[in-house]
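Everything below concerns the one structure shown next.
Each reported figure results from applying straightforward, stated rules to the coordinates on display, with no laboratory input. Bear in mind that the values here come from a model prediction, so they are computed numbers and not experimental data. Cβ coordinates were reconstructed from backbone atoms using ideal geometry, including for glycine residues, and neighbour counts include every protein chain displayed.
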């Protein structure tokens, strides 16, 4: 028994040593995996995956073998339990079994940790291999798209003949390689959806590839449309030339001796009339009509081909035909009714006399005038339809809600919410039917008055603001009651193909239609006197659309304690990435970009800047509406901005309360950033003027020094320096740009005794030097533009 126990002890010691060796092997293998440098080629990654997997399997086999050895040893210990009554031996046996059990547990824990570590490492290698292959596919596709772009640019937008133009269209169709690009983009989205560690890079590649595809697709589509129109024009010209050839052959084939008789002359006339009946439309119309139809694709070459070649030949053939007809009619004794010449009536001059019809003006001006007439007519016609549609909704739906015959079909939730469903549509209808439609109809003869009409009624268009702000309530009611038999019955009576929700959207759509038509009118206005009025009208419509859009976002803000109307008009709104740094916190601005940004939706009011978090949209499909949870508010009276931030042209800073809080904001594009900075500058500039105006009256002295008007406040306070000033003398101090300078008091010689709070030095500084160092000083907050720091007063009390 003693000998067996001795053997078991040796086995336990050997098992413990083996477990320790396994732990060292696992640690060594883990270190090897962590320190392995990843190659830049896919074949190298594939080799690492195979070799690491083989080593991992070998390690797993070794662990299983040791586990099996431990379980066998534990079984042997269980079988060799001491007999009852042998207390010491029983205690030793239990200790041995506990030791083996502890070693087995340790071995299992090491195995689980090793499995988790290798799984992560293996996944990283697989994702790295996927990224390499995706990058390779991306660069190959990028080169293909660049080659296709070069080939597309090499294809001319105008062909010399129908056959050549059709060949150009075929060449253009052969450039369609977007299917391969879409597959690569789809693969990128799949990698991103699988939580790839390089998610940002993959999404960037997808966006770049999509941008290249969209750019190339747009170029191909535009060129295809141009070539198609050129082909249509050339087909018209070929038809005209073919008809001219037929006419020439017909005239040449008519023998003079055959139509000397009346019957022969009449037969020849019938042949000519048949030829004229089969003339294409381009022959029957003038060259100006054809030019007007195809003016968008006309080149000098096509214009020469249209005027010089085609119409010169058609005019010649038609002249020959008319001469032959006159001769044949005389021979056939056909009585032709003479043309009655009607003398002009000077007492009734034309209603519209435009200088554009003067021979002195070019065909381009005539075309522009005709286009203006066409757009103006479209504006008036669509305005009439719009007024009729509003009236049909008000009478066919809104008024029917008070009809006792339909009261049983009306949902209870709508009985007291007529105004919530229709808003102020009645007010909009009144404005358009009684005022604006008449204004536009008066412009039919004088289209240059359209811009003035919009400007004169600019204030009246504010009725749309109320309507659009009510739109969410209206849509919510419609979602509750859209299946009501009441609306179905009303739609049936009106014979409307679309439901009420489509007509409730008409006012918003009409605003969009106005700005499109105004843009079209502005395009054809040239340098006429009405251009400025049209531009003003267009700006007014665009501002109204922007305000309506911003307001509809504003009413979705939740959690703000107070009246949003107290913050002033909404000037801008949009989504940004935001980082926040607090002066008293541990975060430094240079480390700020390392942290994950917050997604915030910003609302810029006249007196405050709101930071909100956009919540998930409610509803489904077109009924989805966004909401914004209020986070914090910055009063514009305590705000400053830094326009340029290093390393990212889309970022800018908004600092609050003397940089106690700094908000680093990243815009979606440089254009969006500049638009926001422009609005913020306007607000801060207006505040500066107001504050400086009142402050100068009571506290400040003004002077011209160095050609710059500056203001030096006679009240002590703390200011930030704008320029470096390396002064000399026993009582002078050194001030650097950015130092906080505290003005203590002014002596009788006009020198200020100051303290540099940044360095702790004190000294006297002349007033003119102080002006040059501090620049324009006021109580308001100023801005930092590029590298020029406009100074702000930090406090009005000494420290």
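Projecting label points 7 angstrom from Cα along Cα→Cβ for residue 267 and residue 523 puts them 5.6 nm apart.
Taking other Cβ atoms within 10 Å as a rough exposure proxy, 68, 762 sort from fewest to most as 68, 762.
Under the shape rule built on the C-alpha gyration tensor, where the axes satisfy a ≥ b ≥ c, segment 491-560 is oblate, since a/c reaches at least 1.5 while a/b does not exceed b/c.
Residue exposure proxy: 751, 189, 601, ordered by other Cβ atoms within 10 angstrom of their Cβ from fewest to most, comes out as 189, 751, 601. Put in line by how crowded their Cβ is, counting other Cβ atoms within 10 Å and starting with the fewest, 747, 232 read 747, 232. When only alpha carbons are used to place a centre, segment 20-78 and segment 438-480 end up 75 Å from one another. Directionally averaged projected area (segment 363-553, Cα convex hull): 11.6 nm². Once both labels are positioned 7 Å from their Cα atoms along Cα-to-Cβ, the gap between residue 194 and residue 37 label points is 2.8 nm. Remark: the residue 207-residue 186 segment gains 6.4 nm on full extension, using 0.36 nm per residue and subtracting the alpha carbon distance.
Reported value for segment 126-206: 80 Å³ per residue, from the convex hull of its C-alpha atoms.
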